[in-house]
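Everything on this sheet refers to the single structure shown next.
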Amino acid sequence: KFWRAMDGVSAVPSLDSVLRPLEEEEGQTKRRDGRTWNQLRSPSAEQSLLNRPDGSARFTLNKTSVLVAIYGPTEVKLKDEILDRATIKVSFLTITNSLEKEKEAVIRNALEYIIMSTLHPRTEISVLIQVMSDDGSLLAAALNGTCLALIDAGIPLHATVAAITCAYTKDYSFVLDPDAEEQRSAAAVFTFALSSGIEDVKGRVLVSHTWGSFDERQYFYALKTCQLGITTLLSFFRKAIEKQYTTTTP
């Protein structure tokens, strides 16, 4: 079950009327890898990779790749039991197999909103995220891979979630889906995740994770940029899921 997007995905249309005049400067400036400021690296996804978990998915943005496994709903330990909903646990393992508690908390908070946990009270849903390679935008890739793995596991969701990272560079420009070098040299990095579902047609911000120095205007420009970029990812998700069910349906 594999789906790959077309190379050089342009995620953001012209933003002349959005927030600021720097658009003219950024328009077609080429980045180190040949992308324009508003281009995503080509996303790819593969589901049902693993046999033992209830669902799994790999999500890749060029050299950034995560593998996600979903277990549950299963029996929960008494000390972790919640009477009216499922307990959601997230483990985020780096390339060196060390845990990243901050990313675990960010992802768990998003999942507590989108998972219909009240349908499975006094159970546990475990999410294991393994970083395969990291070349920037790792948190966004992990959120996207987790959403695809939850769908593969058949976990009931209020909405799907898609995430994108945006960097504000030291030469006062924005770049979408930064690689590791662009993140290291950035003045600020923003990762946003938005929901998409029947009750969230326009998208609700589930994750707003920031690093660095920025002002209010720059924050909202980054948010608007990511919102427009996420529409491309949601379209990619739909095609990936459609292809999965087309492949598996007799």
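Read-outs throughout are calculated quantities, based only on the coordinates presented, and are distinct from any laboratory measurement. Just so it is clear, the structure is predicted and the values come from calculations on it, not from any experiment. Neighbour counts are summed over all protein chains in view; Cβ atoms, including those assigned to glycine, are modelled from backbone coordinates with ideal geometry.
Applying 1/(1 + (r/R0)^6) with R0 = 35 Å to the Cβ-Cβ distance of LYS30 and LYS79, what FRET efficiency is obtained, to the nearest 0.05?
Working: r = 54 Å, r/R0 = 1.56.
Rounded to the nearest 0.05, the efficiency is 0.05.
Count neighbours as other Cβ atoms within 10 Å of each site's Cβ, and list the trypsin sites (Lys or Arg not before Pro) in region 64-123 that are DSSP loop with at most 13 such neighbours. Write out the running numbers ahead of the final one.
On the way: sites: LYS77, LYS79, ARG85, LYS89, LYS101, LYS103, ARG108, ARG122; in loops: LYS77, ARG85, ARG122.
Listed in order of number, the matching sites are LYS77.
In this model, which of LYS79/LYS101; LYS101/LYS239; LYS77/LYS101 are farther than 25 Å apart at the alpha-carbon? Mind dumping the intermediate values first?
Details: LYS79/LYS101 20 Å; LYS101/LYS239 32 Å; LYS77/LYS101 21 Å.
Listed pairs above 25 Å: LYS101/LYS239.
Residue separation times 0.36 nm, minus the C-alpha to C-alpha distance between ARG52 and ARG108: what's the value?
Working: separation 56, 0.36 × 56 = 20.16 nm, distance 2.20 nm.
Length gained, ARG52 through ARG108: 18.0 nm.
Need the full-extension length gain, TRP211 to LYS170, defined as separation in residues times 0.36 nm minus the C-alpha distance. One decimal, nm.
Working: separation 41, 0.36 × 41 = 14.76 nm, distance 1.36 nm.
13.4 nm is the gain from fully extending TRP211 to LYS170.
Write out the trypsin sites (Lys or Arg not before Pro) in region 127-227 meeting two conditions: DSSP loop, and at most 13 other Cβ atoms within 10 Å of their Cβ.
Details: sites: LYS170, ARG184, LYS202, ARG204, ARG217, LYS224; in loops: LYS170, LYS202, ARG204.
Loop-located and lightly packed - LYS170, LYS202.
Pull out a ≥ b ≥ c, the square roots of the eigenvalues of the alpha-carbon gyration tensor of region 88-205, then state rounded if a/c is under 1.5, prolate if not and a/b is larger than b/c, and oblate in the remaining case.
Values: a/c = 2.68, a/b = 1.51, b/c = 1.77.
Here region 88-205 falls in the oblate category.
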